[in-house]
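What follows is a single structure, written as structure tokens, with notes after it.
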Amino acid sequence: MPPADTGASTGTHRVDASASMPTTPNSSRPATASTASNANDANDASNASPASPASKQMSPGHPGYVRMRLALFTSGLATFALLYSTQALLPAISDDLRVQADQASWSVSAATFGLALAVVPLSALSERFGRRAMMTGSLTVAVLLALLVPFAPDLGWLIGLRAVQGVALAGIPASAMAYLSEEVHPKALIGAIGLFVAGNSVGGMSGRILTGWVADAWGWRAALAAVGAMALLCAVAFRLLLPKARNFTPAAVSPRALARTLAGHLSDPLLCRLYAIGALFMTVFGGVYTVIGYRLVAEPFGLSQSLIGSIFLIYLVGTVSSAATGKLVGRLGRRGALYVAVSTTAAGLLLSLLNSIPAVLAGLVLITAGFFAGHAAASSAVSRTAKTGRAQAAALYQASYYIGSSVGGALGALAFHAAGWGGTVTMGLVAVGGAAAITVYATRKAQAERRAEAARRDLVGAPA
């Protein structure tokens, strides 16, 4: 789960932060109307007039800059630790509640689906109530729910609480990038975003590892309580550390303007292809990591819950992969990078079929590297493709991304219940094949457009 570009379209659109969130690291290039104008008016905050917005933005050396970075790191850590808190525990939940993998998997899918549904509406509400207030409120509600989740009496209650928790968590990525774009000087923005993204990645990984180790000693309910306690500490630190917003001005929320912006993006064929690619890659990733615990706890592996939780250290591969994607896109182009990502992911899926721990781990490494490369290539292209309303374009990408996670988790577990790990791999290959087909279509379309443009130039240049 990568940060999203979030600022809602309003009647007087003020903020247009364009970054993709990722639950995971990726290349982000946020920009806002205010910061863009500040950059044009002043090359350095020190040269800005005292009354200008740039003079009030934080940069290294500012008293609140370090506090702000640490605050957003803790919010990202808590968000993604909570969002996927049940994923590493699914085999234990199945055993205790006597349910199948496809039923238990909804404790993950419900949370990601709730986030997907709520991210766009909450991005709009942050325009009215403020980024800081939205993040504080969202994190508070999510933590309170996390303290209730361990006491869920049955699977229905667990899934219901997790769905509401996902809705609450949507307010954090829906506001964090807009807060950074408004409060941080453009020259310091990438560094500030980097630590927030690191919090996402570390939270997603550490939450799974923590639950695995605690569950081995005290059970899955204690493991969820431990994640809730960690998130509570993060929420307190966040509230104490985050400086008050100095550049936010409330704006009326216009549902009609927001609907027009969203409709415009959804009618753009290239953006829709990027949304579909992000969703399909996340379908593979969500399915694999939702089900892998069931595969490894069973024979011939028979791993403990703590060792299964430790498998998520492989997430670190994604940090390297997403960071390298920029160079890969520069060398091969966006579609070339997507072909590499598709091939790597498919190879990992096939390798994971072998009944060997080294082969399964190598397969997970390839799946993770391919997923993060594909996600980074697609999400970064969204901001470049959208000419207006980049915040909403990125929010739609995030929504499709988490819908892919929900669908992948549910279908992957259903396929595993019906046909074992081979069924999950088949589901993944179908999804990654869909991403490949979209990329091939885009390649052929681009080639046809280039040929048509070349023919037009030849016709214009031909003598009468």
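The values are calculated or read from the model by the stated rules, or taken from the named source; none is laboratory data. Given the structure is predicted, the values throughout are model-derived calculations rather than measurements. Reconstructed Cβ throughout: ideal geometry from the backbone, glycine too, with neighbour counts over all protein chains shown. These area figures cover heavy atoms from the full protein model, side chains too; ligands, DNA and RNA do not enter into them. Shrake-Rupley method; radii C 1.70, N 1.55, O 1.52, S 1.80 Å.
Is one or more of the residues making up region 282-294 more than 28 Å from ALA78 (Cβ to Cβ) and open to solvent by 20 Å² or more (accessible area, probe 1.4 Å)? Don't jump to the end; show me each part of the working.
The first filter runs over region 282-294 and keeps only residues more than 28 Å from ALA78 (Cβ to Cβ), leaving none.
No: zero hits.
Which residues, taken from region 410-432, are open to solvent by 60 Å² or more (accessible area, probe 1.4 Å) and either closer than 13 Å to ILE292 by Cβ or among the polar types (S, T, N, Q) (or both)?
THR426
Quick one: count up the residues across region 95-154 that are open to solvent by 70 Å² or more (accessible area, probe 1.4 Å) and touching a Ser or Thr at 6+ places or on another chain (Cβ under 7 Å).
Adding up the residues that qualify gives 2.
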